[in-house]
Amino acid sequence: MLDTEHFFDNPSDIVESDEVASSLRTIMIRPGVRRRGLLFFTTLLCSVLVIAAGVVVWFWGYPAQRNNPGFWHFSLISMLFWLSVTQGMVAVSAILRLAHASWRYMLNRVADVASLFGFWVFAILPFLVVARGRIYVLGASAHSNNVWRTAGSMLFDSLAIGTAYLAGWMLLYLTSIPDFGALRDKLPADSKKQHFYRRIALSWQGAAKQWRTLRLAEGVMVFGVIVSFVASQTVQGWDFQLASARDWDSSIFAPLYTVGSLLGGLALTALVATATSHAAKLPNLVTSLHYDNLGRFMIGLGLVWFYFRWCDYLTAWYGNIPEEWALQNNRVTAFPILAAVMVIGCFVVPVFGNMFRAIRTSPVGLCTISVCVLIGLAVQRFLDTVPTFAPNYPLSALIPSAATILVFAGLSGMFVLTYLVAARYFPVVSWWGLSKRLSRMHESTLGNGSVDVMLEDPPIWET
């Protein structure tokens with residue numbers, strides 16, 4: 001029978017169980033020598049990449065590559081890629097809550113932590129402004145006849161991107177309060193860490209009223225995350241991609257950009273969740289059920305992505321405006337191999353690869369598919385922007401260089417550093433989510449088989 005008597009008890013009360021306690025130790029106990037060495041090496045490597053990328057952009061690229069459209073476009077695309085997939089991860093977490101998926105608890109926190117990547121925006125915002133200005137100066141846009149092509153559109157960019165990350169921060173903090181309370185109660189009294197978590201846990205005691213209030217706040221923030229995500233991706237799609245092309249106005253970039261970000265966020269969630277389960281030594285954190293559902297989710301998003309991609313192409317074909325058709329056609333004629341990689345990575349692999357249950361339920365299989373999706377999405381960001389320069393510049397100027405690859409590596413280092421730093425303060429694995437699964441799951445016999453029955457909270461929309 002399910003333990004309905006203690007349904008509203010604080011889930012942190014069972015943190016003594018082996019599965020939950022092992023994740024608790026990652027913050028409470030100092031890591032061993034080998035683990036410390038690995039963390040130090042990874043942190044140092046990522047820091048070096050971030051610093052090197054900054055040096056390349058400001059001390060070499062800005063003075064020496066001012067008239068090189070390839071350099072600015074590739075660097076800007078790298079930044080937009082990471083902004084979109086990190087926001088996509090938080091949006092995926094919000095959608096799983098809204099869909100009331102009972103298997104979401106293992107993935108919500110892993111995805112929510114990606115919102116902390118927004119703190120890097122303060123460091124890369126000056127580059128965003130300079131790169132956007134250089135691209136326009138190089139002749140991509142006339143700064144007229146379109147609201148997104150005016151200088152004031154930077155206000156839209158900052159407001160949309162900032163609001164999306166702010167909503168993600170609030171959702172992450174609110175849903176982490178029970179974990180902060182568990183740390184406060186389990187850490188040695190009067191220690192520095194205990195004082196820190198006492199402040200940020202507020203007055204959390206796990207009372208029924210506090211849980212109901214938390215559920216209500218979580219529901220409000222879930223809607224806030226989804227709305228701000230769509231708004232942010234819409235602005236990024238129009239301003240940084242479509243608006244950078246002169247004589248190109250007929251497109252459905254907004255939904256195409258948004259769906260691509262969701263697909264990339266889902267793929268990155270699968271990779272980060274797998275890495276987290278290995279790093280936290282929790283082999284049961286991500287099970288075949290999670291991989292199965294993530295793979296099914298990818299199939300749906302891959303089909304939607306293909307629909308919008310094809311409709312975007314047909315928009316220019318039906319309009320038959322020579323200037324727009326030439327820009328659309330440049331994607332295939334100038335970069336046929338990249339166009340094939342985009343379709344394979346964003347449609348063929350996630351849709352047809354995940355149709356085989358043995359592949360999508362396998363960590364190796366789904367992670368391989370996820371890598372292909374991220375490659376396809378990065379190529380899509382390239383093809384949606386750089387070919388607009390193809391008629392005016394030689395292809396040699398639009399091919400990635402070692403410098404632009406280093407910029408992408410630096411931004412990737414920023415993402416890894418986000419999780420390394422966050423793991424020291426935010427429980428990357430939600431202990432109260434684990435506790436809910438352990439305390440509210442029951443295996444029941446049904447005929448000749450068995451099913452898992454879970455006593456669930458009411459859906460968010462009912463709060």
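Every number in this text was worked out from the coordinates using simple rules, so none of it is lab data. Owing to the predicted nature of the structure, the values given are computational and were not obtained by experimental measurement. Cβ placement follows ideal geometry from the backbone for every residue including glycine, while neighbour counts extend to all protein chains displayed.
Here are some notes:
- Residue ranges 260-272, 184-196 sort as 260-272, 184-196 when ordered by packing (mean number of other C-beta atoms within 10 Å per residue, highest first).
- Counted charge near TYR318, where neighbours are those whose Cβ lies closer than 12 Å (Asp, Glu -1; Lys, Arg +1): -2
- Note on LEU38 and THR213: their simple-model spin labels are 4.1 nm apart, each label 7 Å out from Cα toward Cβ.
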